[in-house]
1. Whole number please: convex hull volume per residue, Cα atoms of the stretch 154-330, in Å³.
2. Only Cα pairs under 8 Å and at least 6 apart count here; give the relative contact order of the stretch 154-330 as a rounded whole percent.
3. Using +1 on the beta carbon of Lys and Arg, -1 on that of Asp and Glu, and nothing else charged, what's the dipole of the stretch 1-152 about the Cα centre, debye to 20?
4. Given just the C-alpha atoms of the stretch 254-362, how large is their convex hull per residue in cubic angstrom?
5. To the nearest 10 degrees, how steep is helix 192-203 against the longest Cα principal axis of the chain, on a 0 to 90 scale?
6. Could you tell me which of rounded, prolate or oblate describes the stretch 212-286, using a ≥ b ≥ c as the square roots of the eigenvalues of the alpha-carbon gyration tensor, with rounded for a/c under 1.5 and, failing that, prolate when a/b is larger than b/c and oblate otherwise?
7. For the stretch 164-245, what does the alpha-carbon gyration tensor say about shape, rounded, prolate or oblate, given a ≥ b ≥ c as the root eigenvalues, a/c under 1.5 as rounded, and a/b over b/c as prolate?
8. Using only C-alpha atoms and all pairs of different ones, pull out the Kirkwood radius for the stretch 56-106 in Å with one decimal.
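Please treat every number below as a calculation from the coordinates, not as lab data. Nothing here was measured: the structure is a model prediction, and the numbers come from that model. Note that we place each Cβ from the backbone using ideal geometry, even for glycine, and neighbour counts take in every protein chain shown.
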Amino acid sequence: MGSCKHQEHDQPQEPKCVWIHGPIIVGAGPSGLAAAASLSHNRIPSLILEKSDCIASLWHYRTYDRLKLHLPKHFCELPLMGFPQNFPKYPSKHQFISYMESYASHFSIQPRFNQTVLAAEFDSVSRFWRVSTQDTQYISRWLIVATGENAEPVIPEILGIERFTQTVVHTSMYKSGSEFKNQRVLVVGCGNSGMEVSLDLCRQNAIPHMVVRNTVHVLPQEMFGFSTFGIAMGLMKWLPLKLVDKILLLAANLTLGNTNQLGLRRPKTGPIELKNATGKTPVLDVGALSYIRSGKIKIMEGIKEITRNGAKFMDGQEKEFDSIILATGYRSNVPSWLKHGCDFFTKDGMPKTSFPNGWKGERGLYTVGFTKRGLLGTASDAMKIADDIAEQWRAGWNEDDKNKSSYVIFVKEFEKK
C-alpha cells in the first residue's frame, strides 16, 4: 500500500490517494471477512473499508438481544475456520460476533474503520478502480463489493404513519421486548424478524398484533430431531426440487398443522422454489406459532392507514396501539455508491446474474454476500473470488510491466488534476 499523491502544506487539504496492491473490499461483515480470509489463504493482500467502527456492525448494532442463528452452525461457517466445538447447535448473536472476531484475528484481517465509501468508479484510462471515502481515494486493480443484501433498513411508506404520536421503530433499532412491557404493539411484517420480535414481546408481557399482508411459508426449525434446512439440503442431492418442497410441506403440516387456519396463508409455490426464485426466506418457527394459536400473538390483515393513536385495517377493524415496530427487512445500498454499476447490478442493488454465477462482473469487479442463500452462499462466492484473483495474481498482475506502466500513467494524470 502506497501513497500516490503528496499534499502541499500551503494548499487546502484534498483527499489523499492511496494505492492498494491487492483487492479493495467494501464492507467488514461476514462477506468481507470471508473474502479477505480466502485471499489471505492464497497469499494475496487486501484492504477492507468499513464505514462503522467495528467488524460485523449489523450484528453488533442492528440485531435484537435474543437473536440466534436459525440454521445449525455448520451451515453458517465462514471459509477455512469452523465454529468452536463448545458452541451450541444454534449459536447466539454474541457467540456469532465472538466467532467473527476470532476469525478476523486468526487471518490477521485489519479493516480500515470509519471509512464511508461515497463512490467507487472504474477509470477506463488507467483501468483501475477508484474508491473514494470522506478523506481518501483508494486505487486498485480489483473491487469486491461485500456490503451484502442487508446494508440498510427498508422503511415502507404507510398512509398516515406521520400522524402516529407514539413510538415507531424499525427492528434494526429493536433490542428487547422489555422496553415494551404491557404495551399494545403493532408489528408490521411476518418474516423471521416479525415472528421472533412478536415472540419476544409476548415473553415480556406485551400484546403484539402482527400484520400479515401476503402469503408466507412457515416451517418447523427442526423435523424429527433434525434441522429442516439440513433435511432439505440432503433431499435435494437426490430428488427434484418440487418433490423436496412437497415433502417439506407434508412434514410441516404434520408437525405444525394447517397454518391457513391461523391467518398464515401459504404461497402456491413451494418454499425452496420460492426462495431460489425471489430470495424470500421461509419462516423457521422457534416458538411464535404456539402463541399465535393461543391468541397471544394476534394476526391482523393489511393496514389501511395509521391513525393518531393506532391503525385501521383492510378488514374494517380499528385498534389503538402504544408502539409500532417495522419488521420490514433490509436492502442493498450498492446503487448509492457504485458508479456505472448498472451493467452488473439491478436498480435494487442485486447482481443481475443469479447464483451460482453472480459473483464475478467485468473489469475486476466482484460481489460476495448477494446469493440469497445465506452464509453458505457467502462462503462459496468468497472462495471462487479468491481463486479467480489468485489466477490473475500468479499470471503476473503484481509484477507485470504493463500493469506498472498503467499505474504510472494513472498517477501522472491524477496529479495534473
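1. 119
2. RCO, the stretch 154-330: 38 percent.
3. It comes to approximately 580 debye.
4. That works out to 182 Å³ per residue.
5. Between the helix axis and the principal axis of the chain, the angle is about 50 degrees.
6. It comes out oblate by the Cα gyration axes.
7. Judged from the Cα gyration tensor, the stretch 164-245 comes out prolate (a/c at least 1.5, a/b above b/c).
8. 11.3
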